[in-house]
Amino acid sequence: MLIIDGKATAAAIRAELRETVAAATAQNRRAPGLAVILVGEDPASQVYVRNKEKACAETGITSFAYRLPADVTQEALLDLIRELNGRDDVDGILLQLPLPKGSALDSQACLDAIDPDKDVDGFHPVNVGRLSLGLPGFLSCTPAGVMELLRRYDLSPAGKKAVVVGRSNIVGKPLAMLLARPGRHANATVTLCHSGTANLAEECRSADFLFLALGKPNFITGDMVKPGAVVIDVGINRTEKGLCGDADFASVSQKASAITPVPGGVGPMTIAMLLNNTVDSWRKRTGA
Ligand code: NAP
């Protein structure tokens, strides 16, 4: 049974990006720039933003941090986004979600205001549309990280049955679309499951490739998994015993031929893909 090591894969991607950036800046090209906007003081969001800034620094990406009070107005936030859209030294704009609970801020309107060509989170409707049309554009970082793991481990769902559990806009839905695209590391026959799915266990058991993004700790057990299936667990759940995935690792790993652990599976790939999107944007914008 193969344990898919997302931590090592993400470290390799980050090293590759660091080299690309270092080679360009050594020739006096400007460094890539990522603007990160954090509204309010949610402790989890503060940690995510700090981790992203640290990852940028390690890769040679300049991060521009904007920490705004929870009572910032929609207009002030939109003004900042418009200013960043127009700046030459900013290649990517990231608005940390969720926006503070109870505020009057409209997160969709803020995401819509980001220039789609600086939308390194891949949440703008234009990029979601590009994905569904098979056009180039920024991909949402977590599903992009899953696809990169398939590529780097040469796990091919082509011609096989893939089941995605969870239909959120940031994970399940874009992942299902990516898996249904042509290509050696996609081209799957995809079923997208959600809380209205009639017989989830049966759907999961039919999967050669099973992708879990429900947010329910240890929910998918070994009896719901086909022998030899590849299981990619996107779930990150905090429990009294620490972090765990949506798969019950002990029983699922008895059945699977390959599985991502939690932590250390898909999680580290998300930031690596954010850095990758930022470097891609910088390449396009500067010709590096
Ligand atoms: P979400 O927005 O809460 O969506 C969960 C999805 O799972 C929904 O579509 C929901 O169905 C479905 N679902 C919930 N319970 C179900 C059940 N019993 N049977 C079938 N479907 C069920 O969650 P998310 O943002 O996609 O995140 C999912 C998990 O991934 C979370 O644990 C999150 O922490 C993790 N995550 C990890 C990363 C990473 O970097 N690795 C990034 C993002 C998220 P309905 O639509 O019918 O309600």
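The values are calculated or read from the model by the stated rules, or taken from the named source; none is laboratory data. Quick caveat, the model's predicted, so the values are computed rather than measured. Note: ideal-geometry Cβ built from the backbone for every residue, glycine included; neighbour counts use all protein chains shown. Each accessible area value is taken on the protein alone, full model and side chains, heavy atoms only, with ligands, DNA and RNA left out. Shrake-Rupley method; radii C 1.70, N 1.55, O 1.52, S 1.80 Å.
Annotations
- HN-Hα J in Hz across the stretch 108-118 - Karplus 6.51, -1.76, 1.60, θ = phi - 60°, x for Gly and Pro: 5, 5, 5, 4, 5, 7, 6, 4, x, 7, 10
- 3J(HN,Hα) couplings calculated from phi for the stretch 170-180 with the Karplus curve 6.51 cos²θ - 1.76 cosθ + 1.60 (θ = phi - 60°) are, in sequence order, 9, 10, x, 5, x, 5, 4, 5, 5, 5, 8 Hz; Gly and Pro show x.
- Checked against a 20 Å cut-off, the cross-linked pairs Lys7/Lys255; Lys161/Lys226; Lys7/Lys101; Lys54/Lys216; Lys52/Lys216; Lys173/Lys284 give Cα-Cα distances beyond that limit for Lys7/Lys255; Lys7/Lys101; Lys54/Lys216; Lys52/Lys216; Lys173/Lys284.
- Put simply, when 18-27, 263-272 are sorted by average Cβ atoms within 10 angstrom per residue, most first, you get 263-272, 18-27.
- Among 114-126, 63-75, sorting by the average number of other beta carbon atoms lying within 10 angstrom of each residue, highest first, gives 114-126, 63-75.
- In this structure the amide hydrogen of Val225, modeled in the peptide plane, comes within under 5 Å of no amide hydrogen from residues 5 or more places off or on another chain.
- Net charge of the neighbourhood of Gly159, taken over other residues with C-beta under 12 Å away and scored Lys/Arg +1, Asp/Glu -1, is +2.
- Calculated mean residue ellipticity, 222 nm, the chain: -13000 deg cm²/dmol, from DSSP H runs (n ≥ 4) at -39500 (n - 2.57) each, averaged per residue and rounded to 500.
- In the stretch 143-245, the trypsin sites (Lys or Arg not before Pro) that fall in loop regions by DSSP, at most 10 other Cβ within 10 Å: Lys241
- Note on Thr239 and Glu16: the extension gain reaches 76.8 nm, defined as 0.36 nm multiplied by sequence separation minus the Cα-Cα distance.
- Seen from Trp282, the other residues with C-beta closer than 12 Å to its C-beta sum to a net charge of +1, counting Lys and Arg as +1 and Asp and Glu as -1.
- Between Phe64 and Leu34, Ala35, Val36, the built amide H atoms are under 5 Å apart, and every one of these is 5 or more places off in sequence or on another chain.
- 5 angstrom amide H check on Val39, placed H, neighbours 5+ away: Leu68, Gln96
- Backbone geometry of the stretch 52-60 corresponds, through the Karplus equation with coefficients 6.51, -1.76 and 1.60 at θ = phi - 60°, to 3J(HN,Hα) couplings of 5, 5, 5, 4, 4, 4, 5, 9, x Hz, x marking Gly and Pro.
- Note on the chain: with neighbouring protein chains present and a 1.4 Å probe, carbon and sulfur make up 53 percent of its accessible heavy-atom surface.
- The stretch 129-191: translational diffusion in µm²/s, Stokes-Einstein, Kirkwood Rh over Cα pairs, 20 °C, 1.002 mPa s: 185 µm²/s
- Inter-centroid distance (Cα atoms) of the stretch 90-115 relative to the stretch 237-285, Å: 24 Å
- Per residue, the convex hull spanned by the Cα atoms of the chain amounts to 132 cubic angstrom.
- Radius 15 Å from Cβ of Ala70, net charge of other residues (Lys, Arg +1; Asp, Glu -1): -2
- Accessible area (Å², per residue) of the chain, counting only protein heavy atoms and a probe of 1.4 Å: 46 Å²
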